[in-house]
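One structure is given here, and the rest of the page talks about it.
The values are calculated or read from the model by the stated rules, or taken from the named source; none is laboratory data. Predicted model, so just to flag it, every value in this text is computed and none were measured. No Cβ is skipped: glycine too gets one built from the backbone with ideal geometry, and neighbour counts run over all protein chains shown. The area values use the complete protein model at the heavy-atom level, side chains included, leaving out ligands, DNA and RNA. Shrake-Rupley method; radii C 1.70, N 1.55, O 1.52, S 1.80 Å.
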Amino acid sequence: MATKAVVKRQQSEVGKVDPRDEPSAEWGWHGGFPKASRIAGWFSVVVLLVMIYNNHENNTENVWLVGTAIGIAIALLVDMRKQRTAWRR
């Protein structure tokens, strides 16, 4: 006997995308740029950390630069974790 999750997966069909909802489906492209987004994210983290070496009056700017860089890095690591375990769904 199958579990509820298996039955639910078997019942759900991969439906077509309605072109009225998403016009890009008409000409075949439907998706994003996950690899480019990750590269841009890591580039942003590096740029934020390089910006620390500048002429600052106090360290308030450094706190914001490092905090923002850490936030982006955590988001990228969570995204990598989701990507790695996506095949299990």
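Quick notes
- Within the set Thr85, Thr68, the sole residue that is within 18 Å of the chain's Cα centre (by Cα) and surrounded by 12 or more Cβ atoms within 10 Å (Cβ to Cβ) turns out to be Thr68.
- Gly28 meets all of the listed conditions (1) modelled with pLDDT of 65 or more; (2) of a type outside the set (Lys, Arg); (3) assigned to a loop (DSSP other than H, G, I, E, B); (4) closer than 28 Å to Gln83 by Cβ but one, namely (1).
- Taking the range 29-53 as the range and being of a type in the set (A, V, I, L, M, F, W, C), touching a residue at least 24 places away in the same chain (Cβ under 8 Å) and open to solvent by less than 80 Å² (accessible area, probe 1.4 Å) as the test, the residues that pass are Val45, Leu48.
- Neighbours by Cβ (under 6 Å, 6+ apart or cross-chain): first from the range 54-73, within 23 Å of Ile39 (Cβ to Cβ) and modelled with pLDDT of 95 or more; second of a type in the set (Gly, Ala, Ser) and surrounded by 11 or more Cβ atoms within 10 Å (Cβ to Cβ): Ile72/Gly41; Ile72/Ser44
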